[in-house]
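Contents: one structure, followed by commentary.
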Amino acid sequence: MKVLVLGSGGREHALIWKISQSSKVNKIYCVPGNGGIKELAEIPILNPNDNIEVLSFVKENNIDLTIVGPEAYLVNGIVDILEDAGYKVFGPRKNASIFEESKIFTKEFLIKYNIPTGDYAKFNSSQSALQYLESYSNFPVVIKADGLAGGKGVIICKTKLDAQNAVKDIMVSHKFGKAGQNIIIEEFLIGNEISILTFVDGKTMIPMVLAKDYKKIGNGETGLNTGGMGCISPNPNVTVDMETVCQNEILDPIMNGLISEKMDFRGVLFIGIIYTKKGPKVLEFNVRFGDPETQVILPRLKNDITDVFLAVINRDLKNIKLNWYENSVCTIVLASDGYPENYKKGNEINGLNNCKSIVFHAGTKSENDKIFTNGGRVLNITAEGDNHKEAIKNAYSVIENIHFEGMYFRNDIGK
Ligand code: GLY
């Protein structure tokens, strides 16, 4: 099989690493790719934002299976274009990708199907949002831009002034561009966060093993939200009983809702949950694999992942049983100092040769056999162990040998 993967992050490197283990795959392409993906896949010159260019490439190169990583390409309708031309492609179509494109759509779906979520109000003007905040007293509060904001469109505001400033940043200064013409003001929930990634084929939903993402830039979950600074699987805070409650109160009603709405959702539905004292509540949906969740989940998967992709596409997931290793996997993100705001690119990365763990590249580029930083999140140092302690120790011990100017990482991942 010839496989094309769209994307350039640690998630796509992990997907390609797993796909490359399939005996059915003899060629992998990736666009735009990164400095590490280059070792496993050919990187053609192709604009992944241009659906017609991608379709031509798939036709000319007889691609058997395309995997779409980031939400932006899904929302741009690449799945519709390839599928309508008769090609196999993994990811939801544009209509179903709305769950990530619009937080308001997701909230309304959750309410309609009695799926627990935080109380919220929606606004389409800064005036109405600011007026609402005048009499609001339950701080902290969460302000969410409605639309794609690269994982940065959620702001936790400790005071009324912070909330007023967030509304102005989003709706008046357009900090997140078009994502912010509408906003949600939502109650701040306290509890343990759980990332539940599920394969969905339109009729059947199968959860993957659970993971815990570390979203904030600083140790102890402090500072700005990021795409994720590290991850561990299994999730240390979740018991079997909690998993059963999530299945009954969240996953089953979501699947029933998707069927009732005739969404034909096929791909990965990533359900962000917070387990509060009153039980689990949905924080958000993503319509793709998580990053860095994928980097810790896929090393635990025993199945040939191409079998799972094809079962999802062919609406045949009921005939798949996912098998998992009983180990723990930890990934630590090495970022460029300044991320998630301004940071420098182009610093040489040393110490990657003879690494004793899996290194999934994200913002890197390769030039003259050297690897340079090329983004905010740069590398995902991923290690396994028989238990959490061992996986964490193994991952941190590898970092000691890696260096680039401005290298930043959290030192409490998994702890
Ligand atoms: N780690 C969260 C995300 O992928 O959006």
Query raised in the report: So which residues in the range 294-307 are within 16 Å of the ligand (Cβ to nearest atom) and touching a Ser or Thr at 6+ places or on another chain (Cβ under 6 Å)?
Result: Q295, V296, I297
Report summary line: If you go through T66, T117, the only one that is surrounded by 18 or more Cβ atoms within 10 Å (Cβ to Cβ), in contact with a strand residue (DSSP E or B) (Cβ under 7 Å, 6 or more places away or on another chain) and within 26 Å of V308 (Cα to Cα) is T66
Query raised in the report: Assuming I232 fulfils every condition listed in (1) out of contact with any His (no Cβ under 9 Å at 6 or more places or on another chain); (2) under 28 Å from E341 (Cα atoms); (3) within 16 Å of the ligand (Cβ to nearest atom) apart from one, which condition is it?
Result: (1)
Query raised in the report: Out of all the residues in the range 363-379, is one or more among the small types (G, A, S) and loosely packed, with under 13 Cβ neighbours inside 10 Å?
Result: no
Query raised in the report: Which numbered condition trips up G338, out of (1) surrounded by 14 or more Cβ atoms within 10 Å (Cβ to Cβ); (2) more than 25 Å from I16 (Cβ to Cβ)?
Result: (1)
Report task. Among the residues of the range 261-293, count how many are in contact with a helix residue (DSSP H, G or I) (Cβ under 9 Å, 6 or more places away or on another chain) and more than 16 Å from the ligand (Cβ to nearest atom). Result -> 9
Query raised in the report: When only residues in the range 295-330 that are in contact with a Gly (Cβ under 6 Å, 6 or more places away or on another chain) and within 17 Å of H13 (Cβ to Cβ) count, which is surrounded by the fewest Cβ atoms within 10 Å (Cβ to Cβ)?
Result: C330
Query raised in the report: Only one of (1) under 20 Å from the mean Cα position of the chain (by Cα); (2) among the charged types (D, E, K, R); (3) assigned to a helix (DSSP H, G or I) is not met by K281, so which one is it?
Result: (3)
Report summary line: (1) among the charged types (D, E, K, R); (2) surrounded by 15 or more Cβ atoms within 10 Å (Cβ to Cβ); (3) out of contact with any strand residue (DSSP E or B) (no Cβ under 6 Å at 6 or more places or on another chain); (4) closer than 12 Å to V3 by Cβ all hold for K88 apart from (3)
Query raised in the report: Here are V209, V167, V172: which of them is within 26 Å of V141 (Cβ to Cβ), surrounded by fewer than 22 Cβ atoms within 10 Å (Cβ to Cβ), touching a residue at least 40 places away in the same chain (Cβ under 8 Å) and in contact with a helix residue (DSSP H, G or I) (Cβ under 6 Å, 6 or more places away or on another chain)?
Result: V172
Report summary line: From the option list I349, I332, I358, single residue qualifying as touching a Ser or Thr at 6+ places or on another chain (Cβ under 6 Å) and hydrophobic (A, V, I, L, M, F, W, C) is I358
Report summary line: Here the residues within the range 111-140 that are among the hydroxyl-bearing types (S, T, Y) and in a loop (DSSP other than H, G, I, E, B) are Y113, S125, S135, Y136, S137
Report task. Could you tell me which residue of the range 115-164 is farthest from the ligand (Cβ to nearest atom), considering only residues that are more than 23 Å from Y214 (Cα to Cα) and basic (K, R)? Result -> K160
Requested in this report: Specify which of the listed residues (N314, N327, N323, N319) is modelled with pLDDT of 95 or more and closer than 22 Å to L4 by Cα.
Outcome: N314
Query raised in the report: What do you reckon, is V245 within 16 Å of the ligand (Cβ to nearest atom) and over 22 Å from I332 (Cα atoms)?
Result: no
Query raised in the report: In the set N62, N49, N34, which member is within 18 Å of the chain's Cα centre (by Cα), touching a residue at least 12 places away in the same chain (Cβ under 8 Å) and part of a loop (DSSP other than H, G, I, E, B)?
Result: N34
Requested in this report: Examine the range 122-138 for a residue that is within 25 Å of the chain's Cα centre (by Cα) and either modelled with pLDDT under 95 or hydroxyl-bearing (S, T, Y) (or both), and state whether such a residue exists.
Outcome: no
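The values are calculated or read from the model by the stated rules, or taken from the named source; none is laboratory data. For clarity, every value in this text was computed on a predicted model and none was experimentally measured. Cβ: placed from backbone, ideal geometry, glycine included. Neighbour counts: every protein chain shown.
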